[in-house]
1. Give just the number: which of (1) at pLDDT 75 or above; (2) surrounded by fewer than 16 Cβ atoms within 10 Å (Cβ to Cβ); (3) among the hydroxyl-bearing types (Ser, Thr, Tyr) does Tyr563 not satisfy?
2. For Val380, state whether it is open to solvent by 90 Å² or more (accessible area, probe 1.4 Å), modelled with pLDDT of 90 or more and part of a loop (DSSP other than H, G, I, E, B).
3. Output the residues belonging to the range 510-542 that are modelled with pLDDT under 80, of a type in the set (A, V, I, L, M, F, W, C) and in contact with a Ser or Thr (Cβ under 9 Å, 6 or more places away or on another chain).
4. Give the residue that is surrounded by the fewest Cβ atoms within 10 Å (Cβ to Cβ), with candidates limited to residues of the range 144-166 that are of a type outside the set (S, T, N, Q) and either modelled with pLDDT under 90 or not in a strand (DSSP E or B) (or both).
5. Could you list all residues from the range 462-473 that are modelled with pLDDT of 80 or more and open to solvent by less than 70 Å² (accessible area, probe 1.4 Å)?
6. Can you tell me how many residues in the range 46-81 are exposed (fewer than 10 other Cβ atoms within 10 Å of the Cβ) and under 18 Å from Ala103 (Cβ atoms)?
7. Quick one: is Lys353 more than 20 Å from Lys577 (Cα to Cα) and of a type in the set (D, E, K, R)?
8. Let me confirm something: among Tyr209, Tyr220, which residue is in contact with a helix residue (DSSP H, G or I) (Cβ under 7 Å, 6 or more places away or on another chain) and either modelled with pLDDT under 90 or not polar (S, T, N, Q) (or both)?
Amino acid sequence: MRLTLYIFLTLALSVTTVTAQDVSFNAKVNKKKLGINERLRVDFEMNQDGDNFKPPTFEGFTIAGGPNQSVSRSWVSGKSTFSKTFSYFLTPKKRGKFTINQAEITINGEVYKSPPVTVEITAAVDKPKDGNNAAYIASEKIHLVAEVSRTSPYLNQAFTVVYKLYVSPETSVSNWREIDSPKFADFWSQNIDEKQFKIYEGDYNGEPYRYVILRRTVLYPQKTGKLNIEPLSLNVSVAVPTNRRDIFGRRLTESANITVAAKNRTVNVKPLPLDGKPDDFTGAVGDFEFSVSTDKKSLDASEAFQLSVEAKGNGNLKLFNLPKPNLPSKLEVYEPENADKVRTNLSGMSGTKKSTYTVVPTYKGKYPIPPISFSYFNPVTERYERQTSNEIVVEVMNGPLDTTPTATTSSNPNTKQQVIAADKQFAYIKSTANLEPILKKQFFKSTTFWSLVGLPFLMIPIALFVRRKRQSSANDIQGNRIRKADKLARKFLSEAKKSLGSQAPFYIAMERALHNYLKAKLNIQTSDMSKDRISRLLKERSVDDPTTIEFISLLENCEFARYTPASSVAMQQDYDKAVRVISTIDKQL
């Protein structure tokens, strides 16, 4: 009896010790900083049993596993220890800092909350270290690779990054989604997306794999030194084989969603050599042919001729300026019209960069257009090259003669200045006129008199007609919307011109102008403006394919400008292209 009472008292004291101890409810993570292609484990631990567990929303994450519940009890030196844990495995959705909010548990009728925990999600790491979850097998069978065509390019020399997704033969991929794109902050870039994915056979680490090319990106480095190419990250839905088999002996598969990322790649960008660098070098890198031409060699004063300065070939055509001609002061020169035709493929930019000047001579004479030089760096020969045009002489046949010392002329410095006699200075002006006397007429009862009398009566039907037109215009809601959109397109295009040199405001105004122009001409809303729909509607309105392609290219440039730096030269070219394309579409519509 005494032994039983002793045991009872001992148990009672133990229970009293347990219930008297403080309640602890904490949240723990396996790491405070992880890559976007890693997984985070969160444990909610309590030292007393509870009910009604409520997890947080896990904003910024996708639940990949859990909740997994585990309970532990132990007795040490007459003291009991209790632990209960709810575990979750989380996949990050994007980069940034995120907070794991408070979870709730009810213990002995009271609600307890875990403290919030902040974690930082960075770019993908080269080798995920979290392999203790069900998706580990899949992560060993799927690989995203970034292949770089040049690891040591020159400044402004093109190279490509090709992204390939490798999949082992026994694994199948049902879908993938891009969750983190490289920013290419130190590069001029343009993506060449695959129109149709093809499956290729290849090797990965010496083993047979299948792969698909997801994207090809052309890059022009804008800085020297070691530049980092951020990885591309994907969320992939995959089915992988397991060790379990069905009743027929066939291996069973298990579905999983994993995050894969290409490794960080680094390129060492070499600066252009200083040795032999011309003073007039403007940054052209590539292989070019340079020419200068005029559409007329002889004309009359006050007529206009076109002077074209052109560079064509392969290189950074959108990232440099053509040299400007140095013309005699007696020629009136207008701002050039840029008509660039540049296409981008895997080898970089190629095509033509052209500036056309309108020139108007004022006086009679011969005007030499001095040779124009164009220098560029050829990365193949690794040296600077120069091309110089020939001198062009334009002769003005008829017009006033210039008596100033700088008039005339020929390119020969030994040519004597032409002396013009004073009585022949204005010989081209007619000195006689056929003047006729004006007969005096009375105003009263004249034609003018009766016209002024009848004018108010004539204005009445005109006023009625104008009023009806205004009412009709006010009732034409659709027409007013179109006219308003057209007006907005012109307004935003002018705003884009004012914002030249400031990338973000310029491309925002440019995109608004293009969208409002489409609203006015095609009667569609912004939400319906897919590239395929725009192309189809323009084709139905008999707009030719080259103009449609240029318009779509402008929209793409506005989209790319959100993620890639753009030079003032590229902005000027996009503005000139927008003005030209809108004018061409107006004529064809």
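1. Only one criterion is unmet by Tyr563, namely (1).
2. It is true that Val380 is open to solvent by 90 Å² or more (accessible area, probe 1.4 Å), modelled with pLDDT of 90 or more and part of a loop (DSSP other than H, G, I, E, B).
3. Leu518
4. So the residue we want is Arg150.
5. The answer is Ala463, Val466.
6. Total satisfying the criteria: 4.
7. Working: more than 20 Å from Lys577 (Cα to Cα): no; of a type in the set (D, E, K, R): yes.
It is false that Lys353 is more than 20 Å from Lys577 (Cα to Cα) and of a type in the set (D, E, K, R).
8. Tyr220
The values are calculated or read from the model by the stated rules, or taken from the named source; none is laboratory data. What you see is a predicted model; the values in this text were computed from it and never measured. Every residue, glycine as well, gets a Cβ built from its backbone with ideal geometry; the counts of neighbours run over all protein chains shown. The protein model used for the area step is the full one, side chains on, heavy atoms only, and it has no ligands, DNA or RNA in it. Shrake-Rupley method; radii C 1.70, N 1.55, O 1.52, S 1.80 Å.
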